[in-house]
Amino acid sequence: MRLTFIGIGALAAGLALGCKDDGVSATMAAPTATAASPLTAAAPITAAASATAADPTTAADSDYAKDLRTICHVHELTGKAPDEGVGAVAPWLLEHIRSRAALEQLRELPHADVIAWLQRLRRDAAQRGVSPCPFADTWEEILKRPSK
């Protein structure tokens, strides 16, 4: 079953247009036609992150774990309620997601079975110590509700 919800198109378009990929690292450009983020600063980098910089595999996994935490807690971090739709948090995600793995995962969303995508997000996050994942829990519950 393929499900879609408000804002997936905005998220997909933003990922396609806002992503700069130099072949080595993926970074996000600030979207040009969006309102300013309600959260003005990214979470501080911990000493553990700088300690893993010598091992690119560990550093990449650490960045991915941070990004999973960001995705899982995006509604809390932005102050945007889920009923505002994914489009309400997409610009903020574009400004804050840094790892190639998380970007690729977000790019899959518009074409995915959304329930399966949310379950994978929750599983990947839990494997990296991010649990619970309120984003996945909330949207899975919303999508399971009967259509009006």
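Give the residues of the range 95-124 that are closer than 17 Å to Asp61 by Cβ, of a type in the set (A, V, I, L, M) and touching a residue at least 60 places away in the same chain (Cβ under 8 Å), sorted by residue number. Walk me through it before giving the result.
Step one: of the range 95-124, the residues closer than 17 Å to Asp61 by Cβ are 97-105, 120-121, 123-124.
This time we only want the ones that are of a type in the set (A, V, I, L, M), so: 97, 101-103, 121.
Ile97, Leu103 - these are the residues of the range 95-124 that are closer than 17 Å to Asp61 by Cβ, of a type in the set (A, V, I, L, M) and touching a residue at least 60 places away in the same chain (Cβ under 8 Å).
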(Q) Quick check on the range 107-148: of everything there that is among the hydroxyl-bearing types (Ser, Thr, Tyr) and not in a helix (DSSP H, G or I), which residue is nearest to Thr70 (Cα to Cα)? (A) Ser131
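Sort out which residues of the range 121-136 are within 16 Å of Ala101 (Cβ to Cβ) and either loosely packed, with under 15 Cβ neighbours inside 10 Å or among the small types (Gly, Ala, Ser) (or both), and write them in order of number. Before you say what the answer is, go through the steps one by one.
In the first step, residues of the range 121-136 are kept if they are within 16 Å of Ala101 (Cβ to Cβ); the result is 121-130, 133.
Passing the criteria: Arg123, Ala125, Ala126, Gln127, Gly129.
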Q) If we scan the range 86-94, do we find a residue that is touching a strand residue (DSSP E or B) at 6+ places or on another chain (Cβ under 9 Å), touching a residue at least 60 places away in the same chain (Cβ under 8 Å) and surrounded by 20 or more Cβ atoms within 10 Å (Cβ to Cβ)? A) yes
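Does any residue of the range 55-71 turn out to be within 23 Å of Arg145 (Cα to Cα) and within 13 Å of the chain's Cα centre (by Cα)? Break it down stepwise before answering.
First pass over the range 55-71, keeping only residues within 23 Å of Arg145 (Cα to Cα): 71.
Applying the additional criterion that residues be within 13 Å of the chain's Cα centre (by Cα) yields 71.
Checked against the condition, which is being within 23 Å of Arg145 (Cα to Cα) and within 13 Å of the chain's Cα centre (by Cα), the range 55-71 yields at least one hit.
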Q. Does any residue in the range 70-82 that is over 14 Å from Pro132 (Cβ atoms) come within less than 6 Å, Cβ to Cβ, of a residue that is part of a helix (DSSP H, G or I) six or more places away or on a different chain, and which pairs are these?
A. Thr70/His96; Thr78/Trp92; Lys80/Ala88; Pro82/His75; Pro82/Thr138
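Among the residues that make up the range 95-106, is at least one of them in contact with a Cys (Cβ under 8 Å, 6 or more places away or on another chain) and in a helix (DSSP H, G or I)? Full working, then the answer.
Taking the range 95-106 and keeping what is in contact with a Cys (Cβ under 8 Å, 6 or more places away or on another chain), we get 103.
So of that shortlist, the ones also in a helix (DSSP H, G or I) come out as 103.
Yes, the range 95-106 contains at least one residue that is in contact with a Cys (Cβ under 8 Å, 6 or more places away or on another chain) and in a helix (DSSP H, G or I).
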Q: For Thr57, state whether it is among the β-branched types (Val, Ile, Thr), modelled with pLDDT under 90 and surrounded by 12 or more Cβ atoms within 10 Å (Cβ to Cβ).
A: no
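The values are calculated or read from the model by the stated rules, or taken from the named source; none is laboratory data. In this text the structure is predicted, and so the values were computed from the model without any measurement. Neighbour counts are summed over all protein chains in view; Cβ atoms, including those assigned to glycine, are modelled from backbone coordinates with ideal geometry.
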